[in-house]
1. Which residues, counting only those in segment 125-146, are hydrophobic (A, V, I, L, M, F, W, C) and closer than 21 Å to V26 by Cα?
2. Among the residues of segment 36-70 satisfying the criterion of being in contact with an Asp or Glu (Cβ under 9 Å, 6 or more places away or on another chain), free of Cβ contacts under 8 Å to residues at least 60 places away in the same chain and over 14 Å from D10 (Cα atoms), which is most open to solvent (accessible area, probe 1.4 Å)?
3. Within segment 1-15, how many residues are of a type in the set (D, E, K, R) and either open to solvent by less than 50 Å² (accessible area, probe 1.4 Å) or more than 19 Å from Y110 (Cβ to Cβ) (or both)?
4. Name the residues in segment 25-57 that are farther than 14 Å from R97 by Cβ and hydrophobic (A, V, I, L, M, F, W, C), would you?
5. Say whether the condition of being open to solvent by 70 Å² or more (accessible area, probe 1.4 Å), under 27 Å from T7 (Cβ atoms) and of a type in the set (G, A, S) is met by at least one residue in segment 82-94.
6. Residues in segment 101-115 that are small (G, A, S) and at negative phi: how many?
7. Can you confirm whether segment 75-88 contains a residue that is part of a loop (DSSP other than H, G, I, E, B), more than 26 Å from M155 (Cα to Cα) and not acidic (D, E)?
8. I'm trying to understand the selection: among the residues of segment 71-82, which are out of contact with any Asp or Glu (no Cβ under 9 Å at 6 or more places or on another chain) and in contact (Cβ under 8 Å) with a residue 24 or more places away in the chain?
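The values are calculated or read from the model by the stated rules, or taken from the named source; none is laboratory data. No experiment lies behind these values; they were computed from the predicted model shown. Please note: Cβ atoms are built from the backbone with ideal geometry, for glycine as well, and neighbour counts cover all protein chains shown. With ligands, DNA and RNA removed, areas are computed over all heavy atoms of the protein, side chains included. Shrake-Rupley method; radii C 1.70, N 1.55, O 1.52, S 1.80 Å.
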Amino acid sequence: MLIRKSTPQDLPRLLEIYSFARAFMVRSGNPNQWRNTWPPASLVEQDIATGRSYVCEHNGRVVGTFFFDVGKDIEPTYATILDGKWENDSPYGVIHRLAGDGSVKGIGAYCIDWCYAQCKHLRVDTHPDNKVMQRLLAKLGFERCGIIHVLQDPMPRIAFEK
């Protein structure tokens, strides 16, 4: 597999992948995390324009996508963490909106491992119903740090760090 930055030409494929991911979440007991059309096309376009959207290719076909950024205090919703604490306050990489099309096993782990190779301090959050992501993060050595809240949804998110 290969990771590269997304381009505007990738947008239709990314929206297809997010549609597949929403249906998969419903089937796997997580119907509330990406309700309706989350993430909206406008947000994905913004991620592409700012160079923070990436795709995962397998045999030349886009099979996965994610948001990735690195810096100090780059995720405002991580400033307040409840029922725990972050392990340290050094600059970190944040992964959001990780999704695959279901055609290749191991896309999530491959993308997260790629991010870890770029930055050895990662933070991720996920919906309490997203047991698939929680298992993957545990398998990859992430520790549960507490609870954060995101702007687009009143449901809390479980925060993880590695």
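1. Listed by number, the residues that qualify are V132, M133, L136, L137.
2. Across segment 36-70, the extreme among qualifying residues is T50.
3. Residues in segment 1-15 being of a type in the set (D, E, K, R) and either open to solvent by less than 50 Å² (accessible area, probe 1.4 Å) or more than 19 Å from Y110 (Cβ to Cβ) (or both): 2 in total.
4. Listed by number, the residues that qualify are V26, A49.
5. No, segment 82-94 contains no residue that is open to solvent by 70 Å² or more (accessible area, probe 1.4 Å), under 27 Å from T7 (Cβ atoms) and of a type in the set (G, A, S).
6. Result for segment 101-115: 3.
7. The answer is no; no qualifying residue exists.
8. Within segment 71-82, T80, I81, L82 meet the criteria.
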